[in-house]
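J.: Below you will find the structure I want to go over with you.
The values are calculated or read from the model by the stated rules, or taken from the named source; none is laboratory data. This is a predicted model, so every value here is computed, not measured. Counting neighbours? That spans all protein chains shown, and the Cβs are built from the backbone with ideal geometry, glycine included. Areas reflect the complete protein model, heavy atoms only, side chains present, ligands, DNA and RNA absent. Shrake-Rupley method; radii C 1.70, N 1.55, O 1.52, S 1.80 Å.
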Amino acid sequence: MASEELLESPPIDVSPQQAAEVLGRLYGIAGDVFSLPGERDRNFRVVSKSGTFYLKAANPAERVTVLDMQQRALVHIRNWGPELPVAEPIPTLRGDLATTVSLNGREVPVRLTTFLEGVTVDEVGFSPALGRHIMETLGRLDRALRTFSHRELTRP
């Protein structure tokens with residue numbers, strides 16, 4: 001898929017009720033589903049008895065292999081530096097890290113991770129110490145990803 005097509009493709013409408021159905025069918029998870037902001041994708045926060053999760057229903061123009069790459073990158077980072085603040089990928093009941101689901105007549109790539117709680121820099125206020133912490137964390141993430149490989153890394 002051309003990157004222009006992906007950027008021009010409008011996101012699909014996915015309701016929290018549809019997201020809850022996807023969670024049950026693909027992941028065996030039931031919970032309260034809340035919409036989150038997203039420019040090209042539909043994102044949801046899921047609060048369940050087994051934890052809090054983040055469900056991404058990607059733009060239908062996106063390839064599921066891109067979501068697979070994102071999930072595998074998270075696995076790689078967590079294995080390299082378990083103390084790094086990244087979400088944990090949650091596989092489907094079939095063991096897939098990313099898959100597609102039919103929503104509103106279109107095939108939509110989806111993935112699920114644990115939800116990382118936190119606050120924004122605007123909420124806590126920027127300081128030199130926070131800036132150093134952010135840069136140190138980004139440096140550790142960069143080192144972790146140096147040895148990551150996936151066929152989607154060569155995409156435009």
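J.: Considering only the stretch 115-142, how many residues are part of a loop (DSSP other than H, G, I, E, B) and farther than 28 Å from PRO82 by Cβ?
T.: Of the residues in the stretch 115-142, 1 are part of a loop (DSSP other than H, G, I, E, B) and farther than 28 Å from PRO82 by Cβ.
J.: Now for a different question. Restricting attention to the stretch 74-95, which residues are in a loop (DSSP other than H, G, I, E, B), within 16 Å of GLU136 (Cα to Cα) and not aliphatic (A, V, I, L, M)?
T.: The answer is GLY81, PRO82, GLU83, PRO85.
J.: Residues in the stretch 39-50: is at least one over 24 Å from LEU141 (Cα atoms), out of contact with any strand residue (DSSP E or B) (no Cβ under 6 Å at 6 or more places or on another chain) and either polar (S, T, N, Q) or modelled with pLDDT of 95 or more (or both)?
T.: yes
J.: Now for a separate question. Would you mind stating whether ARG42 is farther than 17 Å from GLU152 by Cα and open to solvent by 40 Å² or more (accessible area, probe 1.4 Å)?
T.: yes
J.: Continuing with the same structure: Please enumerate the residues belonging to the stretch 96-114 that are crowded, with 18+ Cβ neighbours inside 10 Å and outside any strand (DSSP E or B).
T.: The answer is LEU97, ALA98.
J.: For the stretch 145-155, state whether one or more residues are surrounded by 18 or more Cβ atoms within 10 Å (Cβ to Cβ) and either touching a helix residue (DSSP H, G or I) at 6+ places or on another chain (Cβ under 8 Å) or not small (Gly, Ala, Ser) (or both).
T.: No, every residue in the stretch 145-155 fails to be surrounded by 18 or more Cβ atoms within 10 Å (Cβ to Cβ) and either touching a helix residue (DSSP H, G or I) at 6+ places or on another chain (Cβ under 8 Å) or not small (Gly, Ala, Ser) (or both).
J.: OK, next. Which ones in the stretch 110-136 are among the β-branched types (Val, Ile, Thr) and within 29 Å of ASP96 (Cβ to Cβ)?
T.: VAL110, THR113, THR114
J.: A follow-up question, please. Go through the stretch 6-31 and count every residue that is in contact with a helix residue (DSSP H, G or I) (Cβ under 8 Å, 6 or more places away or on another chain) and either assigned to a strand (DSSP E or B) or of a type in the set (Phe, Trp, Tyr) (or both).
T.: 1
J.: Also, I was wondering about something else. Taking into account only those residues within the stretch 67-85 that are open to solvent by less than 30 Å² (accessible area, probe 1.4 Å) and modelled with pLDDT under 95, which is nearest to LEU112 (Cα to Cα)?
T.: The qualifying residue nearest to LEU112 (Cα to Cα) is LEU84.
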